[in-house]
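Structure, as structure tokens:
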Amino acid sequence: QTTNTGHAVKLKDGDVMKLIEVMNHIDKMYETEDQLQLQQDEVFETLKHIETEGVPIDKHMKSLKKVGGNLKQLKEDIVAKEKEIQPMKQKESDKYRKVIAEYEEELKVYQSGLRKEAYYIYKS
């Protein structure tokens, strides 16, 4: 349930901080996906080994399958959320690209103004 909190956030138009938070959560989920799959495989192999010793593992296998289903559902939810936020992500990206371009232009004008001014030389 903890993993659902990141991508289940309702985004408002123009809420950049929440958008970044959701994007970071999605990236983190993709990074940890392999680790989660590996842990599932390790538990499965451990259960199979325990079964060879004669210990019943039906309850644990059922739980492991449930976890696998939850992980699969989480991945589907992440993909859907990625598609949902794509237009908002593009809109904010374009908006801030424009703001950065304006700032760079202001900076160029300021620097050219500094070049035109005379230097002060202090003799010591």
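The values are calculated or read from the model by the stated rules, or taken from the named source; none is laboratory data. Worth saying up front: this structure is predicted, and the values here are computed from it rather than measured. For neighbour counting, all protein chains shown are included, and Cβ atoms are generated from backbone atoms with ideal geometry for every residue, glycine included. Heads up: the accessible areas ignore ligands, DNA and RNA and are worked out on the full protein's heavy atoms, side chains in. Shrake-Rupley method; radii C 1.70, N 1.55, O 1.52, S 1.80 Å.
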Where only C-alpha atoms are counted, convex hull volume of region 1-78 per residue in Å³:
75
For the table Lys48/Lys83; Lys72/Lys98; Lys28/Lys48; Lys59/Lys83, the rows whose alpha-carbon distance is greater than 32 Å are Lys48/Lys83; Lys72/Lys98; Lys59/Lys83
May I ask you to order 13-24, 38-49 by the average number of other C-beta atoms within 10 Å around their residues, highest value first?
13-24, 38-49
In terms of the charge dipole of the chain, which places +1 on Lys and Arg and -1 on Asp and Glu at the beta carbon, the residue among Leu107, Ala8, Gly54 farthest towards the positive end is Leu107
Could you report the chain's accessible area per residue, 1.4 Å probe, as an integer in Å²?
85
Helix 16-52 sits at what angle to the longest principal axis of the chain, using alpha carbons and giving 0 to 90 degrees rounded to 10?
20
Taking the Cα centre of the chain as the origin, how large is its charge dipole in debye, to the nearest 20, when only Lys and Arg (+1) and Asp and Glu (-1) carry charge on their Cβ atoms?
540
How much length is gained if the chain between Val16 and Val67 is pulled fully straight, taking 0.36 nm per residue apart and subtracting their Cα-Cα distance, in nm to one decimal?
15.1 nm
Region 17-124: D in µm²/s via Stokes-Einstein (Kirkwood Rh, Cα pairs, 20 °C, 1.002 mPa s)?
111
Net charge of Cβ neighbours under 11 Å - reference Asp41; Lys, Arg +1; Asp, Glu -1
-2
